[in-house]
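The values are calculated or read from the model by the stated rules, or taken from the named source; none is laboratory data. Here the structure is a predicted model, which is why all the values come from computation and not from measurement. Please note: Cβ atoms are built from the backbone with ideal geometry, for glycine as well, and neighbour counts cover all protein chains shown.
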C-alpha cells in the first residue's frame, strides 16, 4: 500500500497512537507529514500496513539499509503504530513480525529500534519479541535483537 495515497489516514493513526505519549511523538500536521514522508523514503518498499476491512489501522516502517554510528548495516525498525481502537488484539504483533520478515529477506540477523524511556508498554512488547536494552541516549532507549 502506498503511504502517499493514505497520508491522512496514517497521520490520524499516528496522532491517536501518540496522544497518551506526547513526549515522544510529533503533534502538528506538518511535522507528522514530514515524518511520514521521511519514513516512506527510508523504508522504500518496506512500509508494512495492517488493514481491517481494507482500512489502514496500523503501519510499520523498517529500513534494511540503516547504518549505525559505527558504520554497521543492520535492520532498523523506525516506527510501528497501531490505532488505539485496535491495540491489544494482536495486530501490532502480526505487523511487527511481518516487518522483521522483510528485514530477514534482506539477510539481516541483527535488528535495532529506539523507544521512549517511559514507554513501558512498548518496551515490554519489544522484550516479548526478543529485544533487549543495549543503551540509552537522552529520553530514548536502544533495543536490539540478534538471531543466529
- Query: With (1) touching a strand residue (DSSP E or B) at 6+ places or on another chain (Cβ under 9 Å); (2) at pLDDT 95 or above as the list, and residue 147 as the residue in question, which single condition is left unmet?
  - Reply: (2)
- Determine, yes or no, whether residue 74 is at pLDDT below 95 and farther than 17 Å from residue 13 by Cα. yes
